[in-house]
1. Provide the FRET efficiency to the nearest 0.05 for the Asp32-Glu80 pair, computing r from the beta carbons and using R0 = 30 Å.
2. Taking amide H positions as placed 1.01 Å from N in the peptide plane, with prolines and chain starts having none, which residues 5 or more places from Val24, or on another chain, fall under 5 Å of its amide H?
3. Filter the trypsin sites (Lys or Arg not before Pro) in the range 35-75 down to the DSSP loop ones having no more than 13 other Cβ atoms within 10 Å, then list what survives.
4. Give me the mean projected area, in nm² to one decimal, of the convex hull enclosing the Cα positions of the range 5-175.
5. Using DSSP loop states and a limit of at most 16 other Cβ atoms within 10 Å to flag GluC sites (Glu not before Pro), what is the longest stretch of the chain containing no flagged site?
6. Could you work out the relative contact order of the chain, using alpha carbon pairs under 8 angstrom and six or more residues apart, expressed as a whole percent?
7. Taking amide H positions as placed 1.01 Å from N in the peptide plane, with prolines and chain starts having none, which residues 5 or more places from Ile39, or on another chain, fall under 5 Å of its amide H?
8. Which trypsin sites (Lys or Arg not before Pro) in the range 141-176 pass both tests, a DSSP loop state and at most 16 other beta-carbon atoms within 10 Å?
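Bear in mind that the values in this text are calculations on the coordinates, not laboratory data. All figures in this text were calculated on a predicted structure; none of them were measured in a lab. Cβ sites come from the backbone with ideal geometry, for glycine too, and all protein chains shown count toward neighbours.
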Amino acid sequence: MNFSKIAFTDFEMSGLDALRHEIVEFGVVMADAETLEIISEMDKKVRMEHRENADPESLIFLGYRDELWKDAVSIREALEEYSALTRGALFAAWNTPFDWTFLAEAYKQNSIKNPLDYHSLDVAGIAYEKLRGESDFSFKLTSTCKRLGIEKEPMPHRAINGARTAYEVYKKLRAL
C-alpha cells in the first residue's frame, strides 16, 4: 500500500485500560508522506462519559480540570472529525500499539467503521532500530528527544504536543 499522508497521532486518556478508560483528547499532525511537510493539525478535547472510571493519577498527569474541558466534544464528534482528516493516511504514533488499541476500542464502542488501514508506523520502534547501539539510548520519548536535540514535550501533557513531538522525532530519524 502506498500512502500519501501520515497521521502522527497522540491521545490523552482517562487511564491505561482501553476497555475501561476513555480518550479525553485527540492530537494529530497530518504530514505529506514524501516531504514530511505539515498539511494540517487537529487538537480536540473530548467530554468524558464515564468520569467514575477515570484514574485520578492519569487526570493529574494530563492536567485535567473541568474548566479546561468545558467546550469538549463528544467522542463520536471527535472520531468523525478524526476519520475525515485521516482517511487514507498511515497511522503513526510514538507507541502505536497503545494508541491504536484505544482508537480501535472507541470506534467499536461508537459503532463507527475505522477508516484507517491496518498498516501503521511505530516511531518508538524506528527509534529503537536506529539508536539502540548508542550507549545513551533509552526507550523513552524524552530520552530520544534529548538524544536527537528536540525540545522535550511541555507539561502538563497535551495530545497535540505528543503528536508534534512524534512527528519531529520521526523527521530526525528519517534523516539519519
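1. Calculated value: 0.80.
2. It is Glu12, Met13, Ser14, by chain and number.
3. Qualifying residues, ordered by number: Arg65, Lys70.
4. About 9.7 nm², averaged over all directions.
5. Formally, the longest exposed-site-free interval is 50-133.
6. 27
7. Excluding prolines and chain starts, which carry no amide H, the hits are Met30, Ala31, Asp32.
8. Lys152
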